[in-house]
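Encoded as structure tokens, the structure appears first; notes follow it.
What follows is calculated from the coordinates using simple rules that are stated; it is not laboratory data. All figures in this text were calculated on a predicted structure; none of them were measured in a lab. Cβ atoms come from the backbone with ideal geometry, glycine included; neighbour counts cover every protein chain shown.
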Amino acid sequence: MSAPPTITAVEAELARRRGRWRVVFWALVLLVVASVILTLVLAATGLRLAGQSTAQYGDDADHFRYGSIGAEEASGLPLKLWHALPHLFPEAFGGRADYAAFGFLYGTEDGEPRDLPIGISERRVLGVDLVWFNCAVCHTGTYRTERDAEPVIVAGMPSNNLDLHGFVDFLLGAADDARLGNESVFAAIEESGQSLGMLERLMWQHIVLPRVREGLLFQRLRLEPLLAGQPAWGPGRVDTFNPYKVARLEPPILQLSEAEAIGAADFPSIFLQGPREGMQLHWDGNNPSLDERNLSAALGAGVTPDTVDHAAIERVADWLSDLEPPPSPIATDDAEAAAGREIYGQHCAACHGYLGEDGRYQFTGERLGQVELISEIGTDPRRLDSYTAAFRERQLSDLFAGTDYRFRHFVKTDGYANHPLDGLWLRAPYLHNGSVPTLADLLAPPQERPRAFLRGSDVLDLERGGFTAAACVPGETDPSDGFCFDTTLPGNGNQGHIYGTSLSDADKAALIAYLLRF
């Protein structure tokens, strides 16, 4: 038998146990105190760790420009980081503290520039203010009647300024840059006139910034191979479907065929959407439903089936249903325009409608809104080929499956749609891929159209129709002069659409005088 414990040993054991429980007790006290402090701090700073909210706009035009459609949660950047990035990467922003370097546009409020560009909306998610795209980012542009004039911002026209490819390339390149580390980001936030509280700093250090870096690296892994194999889109253009195939589909389509891998095209205008219901929409006419077209465009802007704000999108659609383009400021000779109207009626109206004598566009024409075979129209086929039957099947089977919003109307076509021409004076460069700078060039035989020209101008060409577009030499033109668009690169071809190219010079001039009034 073992000897019974001594009094000293028992006291020592009791003392050890009391010490252990004392540690546990004080640990529990500290945990409770920390929880109380955390709750008080959260209440004091307004941070919420559940739910989400977004600004509401009473004016429909402001809702279009700044209202959230639900893209922030899945695709967005923290608001404070958005404002800090120009200070972190001044070389990418040309030393500016805003996003004008990438062609983003800024509206005003009470005579002062707004903090966020048009097309960038804000939503608070899990206590963090996030920003990302809405519809206006791709569908708001500017024009000037002369170089020294102030730009006029027009909602509904193509975003002729926006270099989306350059912006995405910048973000992907920043993903593993050391400047996206905690201390440098915190310093840039302070430099941008913002601040982070103690709790926010901890959240950013351990949750926010790691998630941002992880998200950017993940997107770079998927997008970089695609973008590396494409010519740069240039301002006013986007590859509509391929980025979604590789970045958002689950599982992604990782192997794109050579034929489908390049599909950049111009941003379209979105005036007067109501009369377009039932027409073949998108450049290739792959859907006659406005609702489905709008929802698929929202997916391209960064929403997901789980985050989409259907009510916000429907409000935008209602506003766009009767949004008219501004009247053309370009004065043309009445007699010449009248002669052009006759010529247009003979050669163009059946496919593209016409301008009524009251100056309002008329959505009539036996071929308006229908698809012309690629073998007939002869324009660059890459955008058409980028939308594949396999992708269509994924759209119909996967996206919004089991909901009232499931896609039902997408089709694979074999050509490009004949689009209405309302607001034509604001829609240059022309053809679906923006490969022809002016109306005068579109009426020239393809071999006489400019081989390379500068994109990104918003100064109207008052005689030729479109925007000024100086000739350039690919690989030699200074980038500060503009983006040199090379029509010999894949997807950029300026061939086809030879309608009107055999008219006399006088008839072409008359036709342009009429078209400039659209």
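Size of segment 351-458 from its Cα atoms: along the principal axes, largest to smallest, the extents are 49, 38, 30 Å. Expressed in units of 2.2 N^0.38 Å, where N is the residue count, the Cα radius of gyration of the chain is 1.19. Equivalent ellipsoid of segment 203-295: semi-axes from √(5λ) of the C-alpha gyration tensor, largest first, are 30, 19, 13 Å. With a Förster radius of 35 Å applied to the beta-carbon distance between Thr477 and Ser257, the computed FRET efficiency rounds to 0.60.
Rounded to the nearest whole angstrom, the semi-axes of the ellipsoid equivalent to segment 260-309, taken from the Cα gyration tensor as √(5λ), stand at 18, 17, 10, largest first. Derived from the Cα gyration tensor, the three semi-axes of the equivalent ellipsoid of segment 231-373 are 34, 19, 15 Å, largest first.
Over segment 78-127, the ratio between the Cα radius of gyration and 2.2 N^0.38 Å evaluates to 1.22. If every alpha-carbon in segment 49-176 counts as one equal scatterer, what log10 I(q)/I(0) does Debye give at q = 0.16 1/Å? After summing over all Cα pairs, the log10 values are -0.85.
Shown in residue order for segment 301-315 are the 3J(HN,Hα) couplings computed by the Karplus curve 6.51 cos²θ - 1.76 cosθ + 1.60 at θ = phi - 60°: 7, x, 6, 10, x, 8, 10, 4, 9, 4, 5, 5, 5, 5, 5 Hz (x for Gly and Pro).
Between segment 245-273 and segment 469-518, what is the C-alpha centre distance in whole Å? Between the Cα centres of segment 245-273 and segment 469-518 lies a distance of 24 Å.
With q set to 0.13, 0.14, 0.24 Å⁻¹, the log10 of I(q)/I(0) for segment 136-252, from the Debye formula over equal scatterers at the Cα positions, is -0.75, -0.83, -1.21. Net charge within 10 Å of Trp82 by Cβ-Cβ distance, Lys/Arg positive one each and Asp/Glu negative one each, not counting Trp82 itself? It works out to a net charge of -2.
Its relative contact order, with pairs defined as Cα atoms under 8 Å and 6+ residues apart, puts segment 44-134 at 43 percent. Each of the peptides 329-338, 208-217, 225-234 was scored by the mean count of other Cβ atoms within 10 Å over its residues; in descending order, highest first, they stand as 225-234, 208-217, 329-338.
Between Glu342 and Ser397, full extension at 0.36 nm per residue minus the direct alpha carbon distance yields a gain of 15.0 nm.
Computed from phi, the 3J(HN,Hα) profile of segment 221-226 under the Karplus parametrisation 6.51, -1.76, 1.60 (θ = phi - 60°) reads 4, 8, 8, 4, x, 5 Hz, with x in place of Gly and Pro.
A Stokes-Einstein calculation at 20 °C with viscosity 1.002 mPa s, built on the Kirkwood radius of segment 439-518 over Cα pairs, returns a diffusion coefficient of 156 µm²/s. Relative contact order of the chain, taken over Cα pairs closer than 8 Å and 6 or more residues apart, is 15 percent.
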